[in-house]
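This report concerns only the one structure given below.
The values are calculated or read from the model by the stated rules, or taken from the named source; none is laboratory data. In this text the structure is predicted, and so the values were computed from the model without any measurement. Backbone-built Cβ (ideal geometry, glycine too); neighbour counts: all protein chains shown. To get the accessible areas, we keep the full protein, side chains included, count just its heavy atoms, and leave off ligands, DNA and RNA. Shrake-Rupley method; radii C 1.70, N 1.55, O 1.52, S 1.80 Å.
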Amino acid sequence: MEHIDKNTYLSDPKRYEIVSGEVNGAPLCPYGNKYRWVVIDNKTKEFVRLSHTAFKIAKNKSYE
């Protein structure tokens, strides 16, 4: 999975969306378990991994 840092996220935050780890095609963690939340890149339609800081920003925006 591509890793997205804070600056990349902030350059286009609407591009990334946090969704439930239960969605079809969601990646599993290295131990084979489902993630609680995953992030999808709406431009490429692929799952990506946000840095901790970017994920906190994205999570807070989803509550606005």
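Selection of segment 29-64 for residues being under 13 Å from Met1 (Cα atoms), modelled with pLDDT of 95 or more and exposed (fewer than 15 other Cβ atoms within 10 Å of the Cβ) yields Thr44, Lys45, Glu46, Arg49. Being on the phi < 0 side of the Ramachandran plot, surrounded by fewer than 10 Cβ atoms within 10 Å (Cβ to Cβ), outside any strand (DSSP E or B) and of a type in the set (Lys, Arg) is a description that applies to Lys14.
Counting the residues of segment 37-60 that are under 15 Å from Glu17 (Cβ atoms) and assigned to a loop (DSSP other than H, G, I, E, B) gives 4.
Selection over segment 17-28 of residues that are aliphatic (A, V, I, L, M), open to solvent by 90 Å² or more (accessible area, probe 1.4 Å) and either touching a helix residue (DSSP H, G or I) at 6+ places or on another chain (Cβ under 9 Å) or assigned to a loop (DSSP other than H, G, I, E, B) (or both) gives a count of 0.
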